[in-house]
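The values are calculated or read from the model by the stated rules, or taken from the named source; none is laboratory data. Small disclaimer: the values here were computed from a predicted structure and weren't measured. Ideal geometry is used to build each Cβ from the backbone, glycine not excepted, and the neighbour counts take in all protein chains shown. Keep in mind that these areas ignore ligands, DNA and RNA; they rest on the heavy atoms of the full protein, side chains included. Shrake-Rupley method; radii C 1.70, N 1.55, O 1.52, S 1.80 Å.
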Amino acid sequence: MEDTQSVATLMDSTTSKIQQLQKAFAELESHRAVTLNLKWKQLEEHFHGLEKSLKRRFTELEDQEKEFETKIVQSKKILENRQAAVISSEKASLESLQEKRDAAVSAITIAMEKHTKSNCMEPAGATPEVQGESPMFDAKPLDYIPLENTEDTMKPFKNGVVEVKCYPDLVKLCQDMDSEGLHKFISDNRKNLAAVRVEIPSALRTAVDPACLVLDSLKGFYPSEVSISDAKKDANLLGLRRTCIMLMECLSILLTTLELDSVSSLISASVKGRAKAIAEEWKPKLDELDIDANNGNSLEAHAFLQLLATFGINSNFNQEDLYKLIPMVSRRRQTADLCRSLGLSERMPGVIDVLVNNGRHIDAVNLAFAFELTDKFSPVSLLKSYLNEASKVSSPVKSGNAPPTTAQNDVNEKQLTALKAVIKCIEDHKLEAQYPVDPLQNRIHQLEKEKADKKRATEVAKPQPKRPRANCVGNGARATNVASDKNFYASRMTDRYPQYIYDRPYAYPGPADTHVPSFLGTAYNFPPGHGNFFGNGYHYQATYLH
């Protein structure tokens, strides 16, 4: 505002300035010796024109400023109204969601009470199902509500608990108890497996007997025509086994959402008996696996333990045998939950000791964090010990300037893998303050550079296709590399060429007795075993060097 006033003041003073200029011009005209062509009237008109233009532009800017301020005020009001509308909408949505949840819980409670009363009032032996399984799970799905089929009663239950909006086919397969179709559906939607996995527990709820459906899905886990060694190479079988494990996990999730009475009815004595029979069939097959089976990622051991945990039959098996299976699944993300479900938490210090003794320190650190055993098993000490053991094997003896061997490359790869695994473990468990990763990153860069250098050296040392002779003579038959020929040409080369040629650097890394002038460039590449001669009888012509 002060700038505007100052501009206005300056514009008002232009008249007095013009008058002063007129006096100065008149005084100048009185002293001139030659008449000026420029008249004062012209100057005065010019300056008055400039004054009007400035005033007009100043007025326009003032109007634009007022318009801009008005728009700012209107925008603020619009934003405030929108913010209030959003807050009001969120509040209404939360209230509506809470009402739906309350209605769903109320509907489920009423349904369970009425169903329990109807079962108690029904006389024994009235239907054939009473003598065997509970009729609730033999004839009706879990989401069946024996109430009046009114829209108001069913709507909150579906919206809150069972309805699966993204994959209605999944619900249909569960309702039909189609285990093969369920496997195929999951395989076809493996790209969206995360979304499918979320909806499987709700879909299983709609099945007549979810436990039997999951047990039916385990039929192809151990196909009779495939051996254990071949199973590890069969991608389709590995996918089927992962699906079996996922279905058992989803059934466990469903059981956690049910009341105790519903769980006992769902996992009945006959269902447990069937699950136990499957587990006893699988158990001997695990005896063929050792402690390092699949390096802690055994699908067979995981499926066996998940079967025991899901159907609550772990008490039927020796705890010592279950304890020995934990190292086989130590890399699986579900290991900690499985151990807790099977009551093996107290045995974890022993499992961690076994992992450390077998060189699997990363898995030991992960379990130490999962079971809060980091005081007893220091993560930093375990990781440093892991790298020390990896570096012990990574110092083979190199003979002279010999090219790197395959064994040396394998050792460097193992050390690189160990360093990257340690860095990931440090980042996962936020150990950067206790164990900085910068030195480890530098070591990785160093090993990768050495790996690239060794690869280039190996490519240089490889023999190249034979080129035409330098004297432009046609290709002749290649002489046989017998010892007498080598000695003959070596002596002739020594007599023919001065010794100073061989004082230059070698054209490739090789043994000290392989002399190749560096100025040959890439036109001639010889293997390390060529010796002190060139081209098996081809005469070297100095005039053709480039």
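List of remarks:
- Hull volume in cubic angstrom per residue (convex hull over the Cα atoms of the range 157-253): 95 Å³
- Charge dipole of the range 207-284 (Cα centre as origin; +1 on each Lys and Arg Cβ, -1 on each Asp and Glu Cβ, all else neutral): 260 debye, rounded to the nearest 20.
- Taking the Cα centre of the range 29-112 as origin and assigning +1 to Lys and Arg Cβ atoms and -1 to Asp and Glu Cβ atoms, the resulting dipole is close to 240 debye.
- Spin-label proximity, Asp321 to the range 217-233 - amide N less than 18 Å from point 7 Å beyond Cα toward beta carbon: 222
- Of the GluC sites (Glu not before Pro) found in the range 283-385, those in coil by DSSP whose Cβ has at most 11 other Cβ atoms within 10 Å are Glu288, Glu372.
- Hits among lysines - C-alpha to C-alpha of Lys114 under 25 Å, sequence gap 8 or more where chains match: Lys100, Lys140, Lys155, Lys158
- Once the Kirkwood radius over Cα pairs is known for the range 221-369, the Stokes-Einstein relation at 10 °C and 1.306 mPa s delivers a diffusion coefficient of 99 µm²/s.
- Checking the Cα-Cα distances for Lys232/Lys392; Lys232/Lys430; Lys172/Lys276; Lys392/Lys420 against a 23 Å cut-off, the pairs over it are Lys232/Lys392; Lys232/Lys430; Lys172/Lys276.
- Accessible-area value, Thr9, 1.4 Å probe, nucleic acids and ligands omitted, Å²: 90 Å²
- The label-point distance for Glu99 and Leu61, in a model that sets each label 7 Å from Cα toward Cβ, rounds to 5.9 nm.
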